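One structure is given here, and the rest of the page talks about it.
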Amino acid sequence: MSNEINLESLLAYAIKISCSDIHIAEWDYTAFRVNWKLSKVKEAWITEKDVLNKLTEELFKNDKKKIDEFYNTKDADFAYIAKDWTPFRVNGYHKLWKIWFVMRRIERDAKKMEDLLLPKGLEKILNAKQWLFLITWPTWSWKSTTMVSILDKINETRREHIITIEDPIEFIFSDKNSIFSQREVWRDTDSFVSAIRAAMREDPDIVMVWEMRDKETVEAAMNLSETWHLVFSTLHTSWSVQTINRIIQFFNSDIQSQVRVRLADTMLWVLSQRLIPRADKKWRVWIHELMYITTWIKNLIKSGDLIQINNNIEMWSKEGMIAMKSSAYKLEQEWIINYDDYIWYFTNDD
């Protein structure tokens, strides 16, 4: 790299070194995160504010309205697709009166479910026609990669109309057996809620709601799942029990018992995942918790006795459910991950 930096050369370099995130800062080195480790590259020194202004124009595709909005609001969240069609999720912000960008690389091609070492019990979702499927965990767990792999598998095996409601759109699906209608919030629709409600009139079979951020979105998604649609979404939660609690807590206490009943009757699966370094340190792999709604778990949700759900996940392991610790132990026994790299996740359990 050289001081004559431009956006496409920066992205090409990031892709070459298998970088997951790029940090671009005014009057600082550009930093690249590779295998979780963030380091600055002195050859990528950004010497002047004018250089970063030029990068800003390239990122916003010279759209003056969006550039002015970014300078006025000080924040922006959008997608950028490189010349080789690699998508990036971009967050622009101001820090200490200076402009900063963080770009997260998204896989250009959908990963195969089997390559992601997803729980085998998850294969049942490929035939589901109704209810609510949630993928959970905070940022850095690559929920989008899992979501894309599942939807693309359905794309290969079923003839469905799949509507996605995203903010922003990151991965562009190609129609195979299914037809995709991808909608971006703020560009194609005013909000998640309005798009979910409109989906009812758009002949969908499957709807993917990028994230459940508020009560209105949760309620709209549950309404859709109750009308013979399969709904995918995500939450920033750690475990199945926490996911159920988070959804219930979106609502006022006086109606939470009703929400528990509705959720028990509409939820189908919860997949929670965490990224762990591989034993060879060359890449990362997930450990998982997979819960699906049995009659027992449905009754536990309705009664509010959520603490017993973890025991039920263990009891139903032969039917495809898996606890996070069991998932980690299995990968350790297969020499895929090391004990010291995952055990700290569980030190505060019990």
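The values are calculated or read from the model by the stated rules, or taken from the named source; none is laboratory data. Here the structure is a predicted model, which is why all the values come from computation and not from measurement. Neighbour counts are summed over all protein chains in view; Cβ atoms, including those assigned to glycine, are modelled from backbone coordinates with ideal geometry.
For the condition modelled with pLDDT of 95 or more, closer than 16 Å to VAL231 by Cβ and in the same structural domain as VAL270 (by TED's automatic domain parsing), what is the one hit in GLU160, GLU156, GLU166? Outline the logic, then answer.
Details: GLU156 fails: closer than 16 Å to VAL231 by Cβ; GLU166 fails: modelled with pLDDT of 95 or more.
Going through GLU160, GLU156, GLU166 in turn, the sole match is GLU160.
Is the range 307-320 home to any residue that is among the hydroxyl-bearing types (Ser, Thr, Tyr), in a loop (DSSP other than H, G, I, E, B) and out of contact with any strand residue (DSSP E or B) (no Cβ under 9 Å at 6 or more places or on another chain)? Within the range 307-320, none of the residues are among the hydroxyl-bearing types (Ser, Thr, Tyr), in a loop (DSSP other than H, G, I, E, B) and out of contact with any strand residue (DSSP E or B) (no Cβ under 9 Å at 6 or more places or on another chain).
Check the range 286-305 and report whether any residue there is in contact with a Phe, Trp or Tyr (Cβ under 9 Å, 6 or more places away or on another chain), under 30 Å from TRP36 (Cα atoms) and among the charged types (D, E, K, R). Spell out the reasoning first.
Start the filter on the range 286-305 by keeping residues that are in contact with a Phe, Trp or Tyr (Cβ under 9 Å, 6 or more places away or on another chain), which leaves 286-287, 289-294, 296-297.
From what is left, the residues that are under 30 Å from TRP36 (Cα atoms) are 286-287, 289-291.
From what is left, the residues that are among the charged types (D, E, K, R) are 289.
Yes, the conditions are met somewhere in the range 286-305.
Select from the range 269-278 the residues that are hydrophobic (A, V, I, L, M, F, W, C) and at pLDDT below 90 and list them in ascending order. Within the range 269-278, LEU275, ILE276 meet the criteria.
Yes/no per residue for (1) at pLDDT 90 or above; (2) within 17 Å of ARG89 (Cα to Cα); (3) in the same structural domain as ASP84 (by TED's automatic domain parsing):
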{"position": "ASP21", "(1), (2), (3)": "yes, yes, yes"}
{"position": "ALA25", "(1), (2), (3)": "no, yes, yes"}
{"position": "ARG33", "(1), (2), (3)": "yes, yes, yes"}
{"position": "GLU58", "(1), (2), (3)": "yes, yes, yes"}
{"position": "ASP63", "(1), (2), (3)": "yes, no, yes"}
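With respect to (1) in contact (Cβ under 8 Å) with a residue 12 or more places away in the chain; (2) under 27 Å from PRO204 (Cβ atoms), the lone exception for LYS302 is condition (2). If I ask for residues that are exposed (fewer than 14 other Cβ atoms within 10 Å of the Cβ) and in contact (Cβ under 8 Å) with a residue 40 or more places away in the chain, which ones from the range 72-84 would you list? Hits for the range 72-84 are ASP77, LYS83, ASP84.
Which of the strands (runs of 3 or more DSSP E) found entirely inside the range 171-253 contain at least 1 residues meeting this: closer than 30 Å to TYR345 by Cβ?
Working: elements: 179-184, 206-209, 230-235.
In the range 171-253, the matching strands (runs of 3 or more DSSP E) lie at 206-209, 230-235.
Annotation note: of TRP131, TRP100, the sole residue that is in contact with a strand residue (DSSP E or B) (Cβ under 9 Å, 6 or more places away or on another chain), at pLDDT 90 or above, surrounded by 12 or more Cβ atoms within 10 Å (Cβ to Cβ) and assigned by TED's automatic domain parsing to the domain that holds GLU170 is TRP131. Looking only at the range 325-348, residues that are aliphatic (A, V, I, L, M) and either in a loop (DSSP other than H, G, I, E, B) or farther than 16 Å from PRO277 by Cβ (or both) come to 2 in all. Being modelled with pLDDT of 90 or more and more than 19 Å from the chain's Cα centre (by Cα) is not true of ILE150. Note on the range 217-259: among residues that are over 19 Å from the mean Cα position of the chain (by Cα) and among the aromatic types (Phe, Trp, Tyr), the one that is surrounded by the most Cβ atoms within 10 Å (Cβ to Cβ) is PHE251.
Based on this model, can you work out whether LEU235 counts as closer than 30 Å to LYS325 by Cα, at pLDDT 95 or above and touching a strand residue (DSSP E or B) at 6+ places or on another chain (Cβ under 6 Å)? Steps first, please.
On the way: closer than 30 Å to LYS325 by Cα: yes; at pLDDT 95 or above: no; touching a strand residue (DSSP E or B) at 6+ places or on another chain (Cβ under 6 Å): yes.
So LEU235 fails the test.
For the range 279-306, the tally of residues that are assigned to a loop (DSSP other than H, G, I, E, B) and of a type outside the set (Lys, Arg) stands at 7.
Look at (1) assigned by TED's automatic domain parsing to the domain that holds PHE171; (2) part of a strand (DSSP E or B); (3) not charged (D, E, K, R) and you find that LEU126 fails only one, number (2). When we screen ILE301, ILE287, ILE247 for residues that are modelled with pLDDT under 95 and in contact with a helix residue (DSSP H, G or I) (Cβ under 8 Å, 6 or more places away or on another chain), the only hit is ILE287.
For the range 145-157, state whether one or more residues are in a loop (DSSP other than H, G, I, E, B) and not hydroxyl-bearing (Ser, Thr, Tyr).
There is no residue in the range 145-157 that is in a loop (DSSP other than H, G, I, E, B) and not hydroxyl-bearing (Ser, Thr, Tyr).
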